[in-house]
Amino acid sequence: MKREIRKGRDGPARECKAVGIIGMGLMGGALRKMLGDACFAIRGWDRDASRCVNARTAADVFDACDRVFL
């Protein structure tokens, strides 16, 4: 699983796991906020390109993450 280092909201920098989300609408957007606040690196894809996060295609999400929400 790919990881990145980010500063936690309550303390020092720590390693964050990458989590993918397919569909960045109401539910995907809420997951993005909650998981991002919990120090998960988010990759998200949506048919609407303006909603994509760190991914150009759904395959990018699956390639970069061990866990993907559909």
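The values are calculated or read from the model by the stated rules, or taken from the named source; none is laboratory data. It should be emphasised that the depicted structure is a prediction, and the values quoted were computed from it without experimental measurement. We work out accessible area using only protein heavy atoms, side chains counted, and drop any ligands, DNA or RNA first. Shrake-Rupley method; radii C 1.70, N 1.55, O 1.52, S 1.80 Å.
Only residues that are within 9 Å of the chain's Cα centre (by Cα) and either in a strand (DSSP E or B) or under 12 Å from Arg67 (Cα atoms) (or both) were counted across segment 21-34, and they come to 1. Among the residues of segment 21-70, those identified as open to solvent by less than 40 Å² (accessible area, probe 1.4 Å) and at positive phi are Gly23, Cys39.
Just so you know, in segment 1-20 the residues that are basic (Lys, Arg), open to solvent by 80 Å² or more (accessible area, probe 1.4 Å) and over 14 Å from Val68 (Cα atoms) include one that is modelled with the highest pLDDT, and it is Arg14.
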